[in-house]
Amino acid sequence: MSIRPWRDIERRQSRQIMVGNVPVGGDAPITVQTMTNTPTSDVKATIDQIRRCEEAGVDIIRVSCPDVESTAAFKQITRAAKVPVVADIHFHYKRALEAADGGAACLRINPGNIGSEERVKEVIAAAKANGCAIRIGVNAGSLEKHLLEKYGEPCPEALVESALDHIKILQDHDFHEFKVAVKASDVFLAVAAYMQLGEAVDCPFHVGITEAGGLIGGTVKSAIGIGNLLWAGIGDTIRVSLSAEPEDEVRVGYEILKSLGVRTRGVRVVSCPSCARQGFDVIRTVQTLEERLQHIHTPLSLSVLGCVVNGPGEARETDIGITGGGAGKHMVYLSGVTDHHVQDGDMIDHIVALVEAKAAEIEAAEEDRVEAAE
């Protein structure tokens with residue numbers, strides 16, 4: 001039993017598939033996705049955006065293929081990307097065939113608008129021929145007409161029935177490298193649909209709240225929906241859908257995973273909201289530190305608290321801590337222990353240097369461990 005059982009999450013047992021060279025499902029780490037928003041036909045702009053997402057830590061990236069010009073550019077994009085690229089297909093099934101030939105690691109098709117079963121069969125054949133996975137992307141906003149007529153409105157049962165119908169088509173054609181999403185912009189609807197589907201199938205799930213909103217509102221909505229599902233052990237790959245830059249989606253996705261302790265990347269910051277007791281400007285300090293520490297990929301923790309009320313206690317639980325003191329002189333903690341003081345003017349540079357040094361120390365220790373195991 002875990003020493004902190006109240007933190008344990010029992011993950012839903014799903015079978016594993018490969019999206020390019022990235023495993024999804026089973027005991028693989030939960031992956032973070034985003035989607036480009038540049039015109040796909042603009043190869044340079046799209047690759048530049050993919051680079052920014054890669055720097056933010058994206059595991060898989062999706063690119064929309066709405067027209068022939070997009071799929072013509074797709075091959076150059078997949079060759080340049082360092083992570084697997086998913087082709088996003090709506091309405092025109094032939095774009096899926098072209099994208100499969102162009103190096104797609106996965107084809108995302110929406111059963112509600114891809115067309116007849118015959119067209120889906122052609123997509124399956126192209127995926128098989130090119131070693132692509134498929135994501136069945138059911139969406140409450142584009143359910144099949146007959147399901148809307150049957151249920152009267154988008155509901156969990158309608159989303160699940162749509163998913164099961166299209167899972168059966170893939171399975172009937174001996175295709176099993178697929179994952180499924182049953183997304184909705186309504187948090188309650190999406191969560192209920194994933195919960196129901198999770199009891200019926202063993203395929204990996206792509207989890208998200210679609211059309212969640214802007215950076216703040218969409219982050220909150222996604223954290224509630226995705227967080228609820230992950231806490232219940234449901235979800236193998238996630239995408240946070242924001243009206244914001246794709247790299248912001250990646251960062252929010254990692255923050256959701258970090259808050260649940262299911263995956264860590266970079267610096268986890270513990271900071272107070274600040275008040276009149278603060279010994280330094282906590283809000284501006286945290287903003288600056290988060291910007292300057294984006295290049296750190298090694299998981300470690302940093303506490304930034306303005307005064308001694310909770311500062312020492314939080315510092316005991318983090319790798320590095322700073323607590324505000326009087327007269328512009330602040331206490332620094334290393335591995336939870338009081339270590340030294342730093343003056344106000346030197347604080348930011350000093351903390352950045354400490355974090356960089358700690359990250360290097362952790363990386364070196366991990367390299368030594370790997371070498372010893374070999």
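The values are calculated or read from the model by the stated rules, or taken from the named source; none is laboratory data. All figures in this text were calculated on a predicted structure; none of them were measured in a lab. For neighbour counting, all protein chains shown are included, and Cβ atoms are generated from backbone atoms with ideal geometry for every residue, glycine included. The accessibility values were calculated without ligands, DNA or RNA, using every heavy atom of the protein model including side chains. Shrake-Rupley method; radii C 1.70, N 1.55, O 1.52, S 1.80 Å.
Let me confirm something: among G137, G141, which residue is surrounded by 17 or more Cβ atoms within 10 Å (Cβ to Cβ) and either in contact (Cβ under 8 Å) with a residue 40 or more places away in the chain or more than 13 Å from P246 (Cβ to Cβ) (or both)?
Being surrounded by 17 or more Cβ atoms within 10 Å (Cβ to Cβ) and either in contact (Cβ under 8 Å) with a residue 40 or more places away in the chain or more than 13 Å from P246 (Cβ to Cβ) (or both) holds for just one of G137, G141, which is G137.
Would you check which residues across segment 13-56 are surrounded by fewer than 19 Cβ atoms within 10 Å (Cβ to Cβ), within 19 Å of the chain's Cα centre (by Cα), in contact (Cβ under 8 Å) with a residue 24 or more places away in the chain and assigned to a loop (DSSP other than H, G, I, E, B) and list them?
Within segment 13-56, Q16, N21, G26, A28, P29, N37 qualify.
Identify the residue in segment 323-374 that is of a type in the set (S, T, N, Q) and closer than 25 Å to R277 by Cβ and, among all such residues, is nearest to the chain's Cα centre (by Cα).
T323
Among the residues in segment 283-293, are any in a helix (DSSP H, G or I), among the basic types (K, R) and in contact (Cβ under 8 Å) with a residue 24 or more places away in the chain?
yes
Would you mention how many residues in segment 170-192 are part of a loop (DSSP other than H, G, I, E, B) and under 18 Å from I109 (Cα atoms)?
6
Do you know which of the residues in segment 96-106 that are open to solvent by less than 30 Å² (accessible area, probe 1.4 Å) and free of Cβ contacts under 8 Å to residues at least 60 places away in the same chain is farthest from G20 (Cα to Cα)?
A96
Being modelled with pLDDT of 95 or more and surrounded by 20 or more Cβ atoms within 10 Å (Cβ to Cβ) is true for just one of L302, L293. Which residue is that?
Among L302, L293, only L302 is modelled with pLDDT of 95 or more and surrounded by 20 or more Cβ atoms within 10 Å (Cβ to Cβ).
Test A158 against the stated conditions and say whether it is of a type outside the set (D, E, K, R), more than 27 Å from the chain's Cα centre (by Cα) and over 25 Å from T34 (Cβ atoms).
Against the criterion (of a type outside the set (D, E, K, R), more than 27 Å from the chain's Cα centre (by Cα) and over 25 Å from T34 (Cβ atoms)), A158 does not qualify.
Among the residues of segment 229-257, which ones are of a type outside the set (D, E), free of Cβ contacts under 8 Å to residues at least 40 places away in the same chain and part of a helix (DSSP H, G or I)?
Of everything in segment 229-257, those that are of a type outside the set (D, E), free of Cβ contacts under 8 Å to residues at least 40 places away in the same chain and part of a helix (DSSP H, G or I) turn out to be L229, V252, I256.
So which residues in segment 334-364 are assigned to a strand (DSSP E or B) and either open to solvent by less than 40 Å² (accessible area, probe 1.4 Å) or touching a helix residue (DSSP H, G or I) at 6+ places or on another chain (Cβ under 8 Å) (or both), if there are any at all?
Those that are assigned to a strand (DSSP E or B) and either open to solvent by less than 40 Å² (accessible area, probe 1.4 Å) or touching a helix residue (DSSP H, G or I) at 6+ places or on another chain (Cβ under 8 Å) (or both): L334, T338, V342, Q343.
When segment 176-206 is examined, which residues are found to be over 23 Å from D27 (Cα atoms) and among the aromatic types (F, W, Y)?
The answer is F188, and nothing else.
Just one of the numbered conditions (1) under 18 Å from the mean Cα position of the chain (by Cα); (2) assigned to a helix (DSSP H, G or I); (3) within 19 Å of I124 (Cα to Cα); (4) of a type in the set (D, E) is not true of E98; which one?
(1)
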